[in-house]
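Below: one structure, written as structure tokens.
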Amino acid sequence: MRNRKLNFIIIIFLVFAFSSCATFSKKRFRKEVQKLKIENISKLSGNYSFNPIKRYYSLGKPEVTDNIADSLRNNNAYMFLLNQSLNKHIKFDSLSKTKNNFQLNLAIEKNILKVKVLEGLVVIKDTTLTGKYRNGMFYLDNNFLECNGIPYLFGGCRNNKRRIGLTKNGNLIINEAVNNEGALLLIIGAGYSYNLTYEYKRVE
């Protein structure tokens, strides 16, 4: 009997866990994004602006500030790709308020994405990420999952993941899917899920 109850709990947990995973959506940028093929995924390689020029948010209506670069500067591409905390975003972005002229450099080959931050010709940050091609975009492997308590019984889970692509005019798109769910005895409580996407200008 105990084994049956345990199996039932495990099955329920798995069902809720998989059904509550962060889900990607192109709803806000579907008309802007180009569908890359695995043969030309290398088109992602190149230099891009360090700070975004536009935001696409899945919740609510578009805002005027979505197109104002100065209001988006605390969302630099390097930290967004690496899934760093907001405090680290702000600390790093404070550097760009000086005379520094940062750019993001991407070099992709098969399942490897090399990410660099350039100040002129000098590399000041250098990181390698892994991922895979799927549905016209490159999906990063650095997903985040954190659970507390007993998920979906007395607790919940937070998770997010990212993918990158190109707009039709060659700019970089970084799309993040976020999900945060909590529950009490399998009764789903407060939670939220959304997609947040930033566009970074290609620099020739």
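What follows is calculated from the coordinates using simple rules that are stated; it is not laboratory data. Computed from a predicted structure; not experimentally measured.
Here are some notes:
- Extended-chain gain in nm, criterion 0.36 nm per residue less alpha-carbon gap, residue 168 and residue 148: 3.1 nm
- Flagged links, alpha-carbon separation over 23 Å, of 26/125; 27/110; 37/110; 37/125: 26/125; 27/110; 37/125
- Extension gain, residue 111 back to residue 38 (0.36 nm per residue minus Cα-Cα distance, nm): 25.2 nm
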